[in-house]
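See structure below.
The values are calculated or read from the model by the stated rules, or taken from the named source; none is laboratory data. Since the model is a prediction, treat every value here as computed from it, not as a measurement. Methodologically, a virtual Cβ is constructed for each residue, glycine included, from the backbone with ideal geometry; neighbour enumeration extends over all protein chains shown.
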Amino acid sequence: MTAEPPPQGTPGMAGRGPCFDGRSSVDSGWLRELSSLTVELRSCGLEARMDGVIGAVDAIAYGPARRIQRAVLRPHRGRLWWWLRWAGDPSTSAPHHAPLAPAAESATAARRIVQVLHTARR
C-alpha cells in the first residue's frame with residue numbers, strides 16, 4: 001500500500017483549526033466548547049479548570065483523596081469530540097486517550113466524567 005499526500009488545495013478534515021502552541025489563539029468555537037464543559041462539570045459539584053492553550057478541561061473531585069480527570073478537545077471522525085485521558089498503570093503503559101462524546105454534547109461528557117471519577121473512588 002502506498003500513501004500519498006492529497007493534491008494541493010484539497011480541503012482537509014477540519015480546515016485551518018486552532019493552534020495550541022501559544023503562537024495563535026484558539027477559535028471561538030473551541031473556547032465555547034471548553035467553557036460549556038467547564039460549566040457542566042461545576043454544575044455536577046466538581047471543580048473544573050479550563051486550559052485554552054492545550055484545549056483541555058480538568059475535572060477535580062475531592063474526598064478521601066483528590067482525583068483529577070482530564071478531557072481534551074480534539075477532532076474525531078470529522079467532528080470535534082471530547083477525549084478522556086487514561087493514565088493506566090504507570091509501570092506498564094503510557095497515557096492514552098479514548099473518545100468520550102461529541103463536543104456539542106457537554107452534558108453527556110460531564111456525566112461520563114462524573115461516573116469515571118465516582119468509579120475511581122471505590
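How many residues are among the polar types (S, T, N, Q), surrounded by 10 or more Cβ atoms within 10 Å (Cβ to Cβ) and at pLDDT below 95 if we restrict to the stretch 75-122?
Matching residues across the stretch 75-122 total 2.
Any residue at all in the stretch 58-74 that is among the acidic types (Asp, Glu), out of contact with any strand residue (DSSP E or B) (no Cβ under 6 Å at 6 or more places or on another chain), at pLDDT 95 or above and surrounded by 12 or more Cβ atoms within 10 Å (Cβ to Cβ)?
No, because not a single residue in the stretch 58-74 is among the acidic types (Asp, Glu), out of contact with any strand residue (DSSP E or B) (no Cβ under 6 Å at 6 or more places or on another chain), at pLDDT 95 or above and surrounded by 12 or more Cβ atoms within 10 Å (Cβ to Cβ).
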